[in-house]
Amino acid sequence: MKEKEHVEAIRAHIVRDAEALRGSGKPSNDYTETVLTAILQNQSRELIKSHRQPHFARIFFKEHGRTVNEDAYIGRFGIFERETLQPIVLDWRSPIANLYYNDAFENVSVDVDPKHPLTFDLERKRQFEFRDGSLEAFYDSENGALIDRLLLERLSARSGDKLQDIVETIQAEQNRIIRADARENMVVQGVAGSGKTTIALHRLSYLAYQKRNNAAHTQFLVIAPNRVFLDYIANVLPDLGVEGVAQYTWEDLTHHLLPKKTKFASEAQKRMLFFEESDDAKRAEQQIIIHAARLRGSMAFARLLLRVVEKVAKQIVPDADLVLSPRHQMPKEEIARRFFDDYRYEPYLKRRKRLLDSLARFAQDAIKEEIARFDKRLTKGRYADSLEQSAKIKAAIEERYARYVRTVKNIDIYALYRKVLSSENNVSRVLAELSDDLELNEQTKRYVLARYAEADRTLEWEDSAALLFLTRHFHGFAADTRYAHMIVDEAQDLSAFQIFVLTKLSPNATLSIFGDVSQSISPYKGLTSWDEVTRDVFAERAAYKTLEQSYRSTVEIVTFANRALQRYQTPGIPLAKPVLRHGVEPEILQTDETHEVGALIELISRIQSEGYKQIAVVEKTIAACSALQDRLQKDAAYTLPLLSEKTEHYEGGLHLMPIYMSKGLEFDAVIVLNPSEHSYDARSSLHAKLLYVACTRALHRLYILQKDPLTPLLQAE
Ligand SMILES: Nc1ncnc2c1ncn2[C@@H]1O[C@H](COP(=O)(O)OP(=O)(O)OP(=O)(O)O)[C@@H](O)[C@H]1O
């Protein structure tokens, strides 16, 4: 059958099937029926989505040991004959679809049945091009070259308003990550634009497909850097057929899990200290702040806290018997047994509550029995005496009970936390594990001790991992945080301790962690290498994978961005390799103070006239952004909307933003404003990384608008 006719035949099937599904499944109180209805509704939604483009590829293959040649169509969603269960189109996530994504053509092993992988030879891959729902053309490839052609075409046509799915062009190295074993934890280090965010979300879709018949195992969590970013990725999961994934920023998750509303200091001031000009005094202060942050984000600190937790837990149970009457006593061993054995699956303060409840029942029984005993001994007519005496018995037991209960210690995790960090011994011990620099350790110790001695000092985000850790042990986490799998994006901004806390969120969850340490641009937090995560958090049991190809930007832009980074390359982390998509060389435009505003407006308008809509104008700091906004308004009545952490919704378009807000996003064109030698110090790896992040946000065009001499960081060597 010709391909066009085949598409129409599939569409006719879709219409029939969707019609049949419409009546099936009804509201019910029965669990099985409810699940079934949800599955049918889901199938119906997928069929409707498939109608426009039922498939995007076809593969021709032969299984080893068999003589027949086979073929299969691959689409976003599987379509099958309902009676015979014969596939018409295979879901891109199905095992056989692996043949399409694999770069080899011969001896490709596929886990159709995980216990017996099958081996195939691939004869051809066919790709289909649909335009506005109509099949325009198809191309065959016997060696993979064609796949590159489609990839280049897709990347050239890409516009960065919202992240999109890439099921047609997933690359082999990305496919291996998407399909990695769900039972395995994974750390992925990928250069800027290597598709980390995209494949993280495709991985969730793949896992959801694998577990599609088991609703209890499809609870997923995505941790992303900010709300703008969550908006940016919002469309991908629904497009990939995954609904209801919990999505949090670290900040939102922290507020959700802590036992009470806690105020954390904003990071604005700290960012100023690092991003504005530095002198020697400021640099010294920065070192101490970085070291104090490392202390609180380290696994050495987590280990110290665990020891503290175990010690404090022992102090909750009094070292004395509960004696309510000569006949009603509970030995301390029994009380400890209840606390440490009977309730061992509960967090400590829940155990404490259960213990107190059980002691209260014991006291009530004691009162009843002692009064009954007294009543039995009474002779007739002494009713008034009896009442009086019963009240006395009750009061005496209650008094003894209350006295005992006062010795069952309660724990305030906030006070405990401050106490831990007000102890010279604790702080010195952890610092000594982190660094041999005695002077720096000493200064940091003094800084930390002074900070935590003050009971009303506002907490910082650096404290959040420890507070969550204490919450978990003493209060427990809310029951709605049971996940099968968690995706952490931009994970270089989290500390090892934060990632460790995430591993403790759900008992059996696994994590896929994506990030790029070359984009660690918050020196006071985050990771500079993955070692502490792979070694201390996962005890070397997480798979470590790297992605080196950069797909987002043109060769010219990636080469330019690499200039900044190559001086400060993290050992073991390679520079980005661009996919062979060429474009226009980045342009460095000269201007001066008087003409800067006019030049910027003119440049924006030139870019827009070329058809680009997603444009970022980036400055180093939020203060510089505000100053520019004012000047544009005053000098030219020009409004340039600002993207900041206060932005609630992101719809794309033209924006001014500090570089740290652009992280994770992408734009058709990026204008970097005045990266001078003054504002981007060639001796600062932080400044180099900031420029790297800024430049790698651009898909097609990069401009530098320069009024002062260009920083050496962006000059050709
Ligand atoms: N296989 C692919 N096919 C088509 N486009 C791709 C592919 N891989 C990545 N891309 C595109 O490359 C761009 C970068 O992807 P993404 O934002 O996921 O990368 P990232 O590694 O998270 O980047 P960064 O760390 O710089 O924020 C996106 O436009 C994405 O659609």
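What follows draws every value from the coordinates through simple rules; no lab data is involved. Given the structure is predicted, the values throughout are model-derived calculations rather than measurements. Backbone-built Cβ (ideal geometry, glycine too); neighbour counts: all protein chains shown.
Packing, as the average of other Cβ atoms within 10 Å across residues, places the peptides 10-20, 532-542 in the order 532-542, 10-20, highest first. Across the options V317, C625, V420, the greatest Cα extent toward the positive end of the charge dipole of the chain (unit charges at beta carbon of Lys, Arg, Asp, Glu) belongs to V317. Taking the longest Cα principal axis of the chain as reference, the axis of helix 299-316 is set at about 20 degrees. Legend: translational diffusion of the stretch 235-379 by Stokes-Einstein, Rh = Kirkwood radius over C-alpha pairs, 25 °C, 0.890 mPa s; D = 114 µm²/s. Counting lysine pairs in the stretch 1-146 that sit 8 or more residues apart in sequence, or on different chains, and whose Cα atoms lie under 30 Å apart gives 11. Amide H to amide H distances under 5 Å link V187 with I513, A543, Y544, K545, where only residues 5 or more positions off or on other chains count and H is placed in the peptide plane. Principal axis analysis of the Cα atoms in the stretch 555-706 yields extents of 48, 35, 33 Å, listed in decreasing size. Within the stretch 299-387, none of the GluC sites (Glu not before Pro) combine a DSSP coil assignment with at most 15 other C-beta atoms in a 10 angstrom radius. Listed values for the stretch 344-357 are Karplus-derived 3J(HN,Hα) couplings in whole Hz (6.51 cos²θ - 1.76 cosθ + 1.60, θ = phi - 60°), namely 4, 7, 9, x, 4, 6, 6, 4, 4, 5, 5, 5, 4, 4, and x replaces Gly and Pro. Amide H contacts for Y483 (H built 1.01 Å from N in the peptide plane; partners 5 or more residues away or on another chain; cut-off under 5 Å): S506. Each residue of the stretch 267-282 is assigned a 3J(HN,Hα), and the resulting list reads 8, 4, 5, 5, 4, 4, 4, 8, 8, 6, 4, 10, 10, 4, 5, 5 Hz, derived from the Karplus form 6.51 cos²θ - 1.76 cosθ + 1.60 (θ = phi - 60°), x at Gly and Pro. As I understand it, the dipole of the stretch 1-146 uses +1 on the Cβ of Lys and Arg and -1 on the Cβ of Asp and Glu, about the Cα centre. Which of T67, F77, Q43 lies farthest toward its positive end? Toward the positive end, the furthest listed residue is Q43. Cross-link partners of K392 among lysines, defined as those whose alpha carbon lies under 17 angstrom from its own and excluding same-chain residues fewer than eight positions apart: K368, K376. For the stretch 318-407, the Cα gyration tensor yields ellipsoid semi-axes of 32, 11, 11 Å (square root of five times each eigenvalue, largest first, whole Å). In a reduced charge model with +1 at each Lys and Arg Cβ and -1 at each Asp and Glu Cβ, the chain shows a dipole moment near 3480 debye about its Cα centre.
Relative contact order of the chain: 15 percent, from C-alpha pairs under 8 Å at least 6 residues apart in sequence. With q set to 0.19 Å⁻¹, the log10 of I(q)/I(0) for the stretch 1-146, from the Debye formula over equal scatterers at the Cα positions, is -1.16. Sorting 694-707, 414-427 by average packing, meaning the other beta carbons within 10 Å per residue, from highest down gives 694-707, 414-427. Report note on the peptides 601-608, 159-166: ranked by the mean count of other C-beta atoms within 10 Å, highest first, their order is 159-166, 601-608. In the chain, the DSSP-assigned H stretches of four residues or longer account for a calculated mean residue ellipticity at 222 nm of -14000 deg cm²/dmol, using -39500 (n - 2.57) per stretch and the full residue count as denominator.
Can you find, among L240, Y612, I290, the residue sitting farthest towards the positive end of the charge dipole of the chain, where Lys and Arg contribute +1 and Asp and Glu -1 at Cβ? Of the listed residues, the answer is I290.
Per-residue Karplus couplings for the stretch 444-461, computed as 6.51 cos²θ - 1.76 cosθ + 1.60 with θ equal to phi - 60°, are listed in order as 5, 4, 4, 4, 5, 4, 5, 5, 8, 6, 7, 5, 9, 5, 4, 6, 10, 4 Hz, Gly and Pro entered as x.
Under a 5 Å amide H cut-off, with hydrogens placed 1.01 Å from N, F130 pairs with E136 among residues at least 5 apart or on other chains. Cross-link list K270/K707; K504/K525; K353/K445; K261/K525; K260/K504; K162/K504: which exceed 30 angstrom alpha carbon to alpha carbon? In this structure, K353/K445; K162/K504 lie more than 30 Å apart at Cα. Mind jotting down the distance between the C-alpha centroids of the stretch 166-235 and the stretch 357-371, whole Å? The stretch 357-371 and the stretch 166-235 have Cα centres separated by 56 Å. Projected onto its three principal axes, the C-alpha set of the chain covers 106, 75, 50 Å, listed from the longest axis down.
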